[in-house]
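A short write-up of the structure that comes next.
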Amino acid sequence: MRFLRITKATTLAVGLSIIAMPPALAAGNLTLPFAIPNPRVTSWTDHHYPNRQEDGVMVRFDGATGYAYDGHRGTDYAVASNTPVVAADDGTIIYSEWSDSGGWGVVMDHAYDRTAYFHNNQLFVYPGQHVSRGQLIALSGSTGNSTGPHVHFEVRDLMTPWHSIDPYGWTGPGPDPWRWDIGNLWQNGTPVPFLLPLAFLSGSRWNFWYGSDGPPPPVSWHLRDGGRGLAGFAAQWDQDPGPGAPRSQATSGSAAVPGPGSHTLHLRVFDRAGTSADITYLYLYDVDPPTSALRVDPALGSTLNLHWSGHDQLSGVKDVAIDVAAGGPAFRPWLTQSADQPSPGKTLGAVRFFGDPGTAYQFRLTVRDAARNAAPPVVLNESTPAGANAPPSAADRAILGPLPRQPDGAPSLLGVRQEHPSADGALLLDADASLHGLGRERTTPAVAPTSLATAVDVVNLASGPLRLLADGTTWDGAGAAGPRFAVPAPVRLLAASDGTVMAVDAAGAIAGSGASVASALPAGTTVVDAALFPGTHAGLALDSSGALHAFGGADAALSALPTTWTLPGQPAAMILAGAAQAPAGILTDASGDWQTIGSMLLLPDGSFGGPAFDPMTGLPIR
């Protein structure tokens, strides 16, 4: 299989001009998100499909077509890294966090619409904060799916928030092909971008797949006057030819892709006013297969913990599939996972397989990269012990759906508190106190404790993992007893940076600290989770109604916290960062939905880099 993908570099200074736009019929509400009066626009909103669907055609606001990209939802402004990004209107922050595609991003809710600002280096606002027009919200950058510094500025209709609209309106002939647009939205007249020639690429193009068809066709381009006359171009692979390069006095040209690998086409375009711009496109032409590996933890029960990895340095791992055979050679499809935006490097994952006691299984792992190259299949054999019947956890119920009732006397089922994401995977605690490092390179051995009580929680200390059981006892990985807490219904084990350990009870006691939130719990509620602020013995407890309660001197945090539970599901878990004076965190409900507290910049990398479990497959999503 062969593959070529072209990713339009967002730093490219593709010269685009605004062609005689009539004034808006009424004053709009938006101003530019930076203090640059004549910015360079590298990508415009596609009036065919700004909702990311592709049709092979890019239609600009003035009806111009033929660009090398397709399906863009916003306007890309080429500005230098760490340029102050400001609010385009008064509004309320509804999103301020990291995403793999958009990097550090902000979304604001205004009276008439919503605006989005992505690929920033740093954020200065948090959800729920009210900001004024022109207020600093971020510093621009090139984070996420970006190849150079720019601001992706997007406007969304408030009535249908995921329909992007074009703030430049529509001035082309005939009706606007994107029917959700509502006209020119600029407050003080249309901002005129820096004028450069227009460039149109064809041939090998973005998101075009090449398999058994053979090598890709050459890249070709043609140029159009942007208003100041064309003065030729210079093209070179993997290096900017520079403003002093010899020019081709033509309006079109072509170049063959050099061969497999990663290559950047630099097309420097000149106008008669003496200005030039380097238009860059990244080409990935991948013919090498990825590598893959599969392993399983030693079988202690009917549950098998499988760990897979895939590695592809060029186009990235795209598809993962695991097939299962039981008692014969016939494999059946079991699990598939596909990455929306593969990234080069190593990808890890893990999943739990529930087998029948005493049965021998074969697992076959197949990994493909984004170029559709497949790694050689990896086959692994594993058997479940005869008579094994480990009870599933509540997390397993979310993966498998309704399960048969457990027999009388079976341990109570645990929930999301079992999973502890970190930068190198997740530490999962089973009801029998066994430990599993999902998504990790190494296993986490632990000797079973003497107590037969159900395991509740685990923390990582300098000496290793410490487990809390339902009878209030704690046990380390060597099976030695730790401190015992006199609490009837423990729900969480907390560890401070100085080694102090606390047990949180459902009734509100914080054993080990002398604190309690019992008096603040509304009638009929219990504590479902708790967390400490880093470096302190102070923290917050989350109750079953979604209310938050401070303990250990963290009362200052309450003024910055949401007063009501806004998620659709039952409260389940909490992550804390920052300090009581400037708290940050994530609140999660039982269905996996979440809301944020304060600035996401304060959260540790493990909050984002660690696995989040897909409720349908059980696979960690990085």
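The values are calculated or read from the model by the stated rules, or taken from the named source; none is laboratory data. These figures come from a predicted structure and were not determined experimentally. Reconstructed Cβ throughout: ideal geometry from the backbone, glycine too, with neighbour counts over all protein chains shown.
Given the structure, is Ala455 modelled with pLDDT under 90, surrounded by 22 or more Cβ atoms within 10 Å (Cβ to Cβ) and in contact with an Asp or Glu (Cβ under 8 Å, 6 or more places away or on another chain)?
yes
How many of the residues in the stretch 553-579 are surrounded by fewer than 21 Cβ atoms within 10 Å (Cβ to Cβ) and not in a strand (DSSP E or B)?
Residues in the stretch 553-579 being surrounded by fewer than 21 Cβ atoms within 10 Å (Cβ to Cβ) and not in a strand (DSSP E or B): 16 in total.
Of a type in the set (D, E, K, R), crowded, with 16+ Cβ neighbours inside 10 Å, in the same structural domain as Leu30 (by TED's automatic domain parsing) and under 27 Å from Asp181 (Cα atoms): is that true of Arg133 in this structure?
So Arg133 fails the test.
With the requirement that a residue be farther than 14 Å from Leu576 by Cα, of a type in the set (A, V, I, L, M, F, W, C) and without any contact (Cβ under 8 Å) to a residue 40 or more places away in the chain, what does the stretch 510-563 give you?
Ala511, Ala515, Val517, Ala518, Ala520, Leu521, Ala523, Val527, Ala547, Ala556
Would you mind listing the strands (runs of 3 or more DSSP E) fully within the stretch 87-137 where at least 2 residues are of a type in the set (S, T, N, Q) and closer than 19 Å to Ile586 by Cα?
By residue number, 91-99.
Of the residues Asp297, Asp319, which is over 14 Å from Gly355 (Cβ atoms), touching a residue at least 40 places away in the same chain (Cβ under 8 Å) and buried (at least 17 other Cβ atoms within 10 Å of the Cβ)?
Residue meeting the stated conditions: Asp319.
Would you be able to say whether some residue in the stretch 78-87 is among the polar types (S, T, N, Q), buried (at least 18 other Cβ atoms within 10 Å of the Cβ) and closer than 16 Å to Ile36 by Cβ?
Yes, there is a match, as at least one residue in the stretch 78-87 is among the polar types (S, T, N, Q), buried (at least 18 other Cβ atoms within 10 Å of the Cβ) and closer than 16 Å to Ile36 by Cβ.
Tell me yes or no: at least one residue of the stretch 325-340 is part of a loop (DSSP other than H, G, I, E, B) and buried (at least 20 other Cβ atoms within 10 Å of the Cβ).
No - not one qualifying residue is present in the stretch 325-340.
What are the residues in the stretch 497-507 that are surrounded by fewer than 20 Cβ atoms within 10 Å (Cβ to Cβ) and either outside the structural domain of Ser519 (by TED's automatic domain parsing) or in contact (Cβ under 8 Å) with a residue 24 or more places away in the chain (or both), if any?
Ser497, Gly499, Thr500, Val501
Is it the case, given these coordinates, that Leu139 is among the hydrophobic types (A, V, I, L, M, F, W, C), within 24 Å of the chain's Cα centre (by Cα), at pLDDT below 90 and in the same structural domain as Thr75 (by TED's automatic domain parsing)?
Answer is no for this residue.
Any chance you could count how many residues in the stretch 379-394 are buried (at least 16 other Cβ atoms within 10 Å of the Cβ), among the hydroxyl-bearing types (Ser, Thr, Tyr) and modelled with pLDDT of 60 or more?
1
Identify the single condition in (1) hydrophobic (A, V, I, L, M, F, W, C); (2) out of contact with any helix residue (DSSP H, G or I) (no Cβ under 8 Å at 6 or more places or on another chain); (3) within 24 Å of Trp104 (Cα to Cα) that Ile575 does not satisfy, given that it satisfies every other one.
(2)
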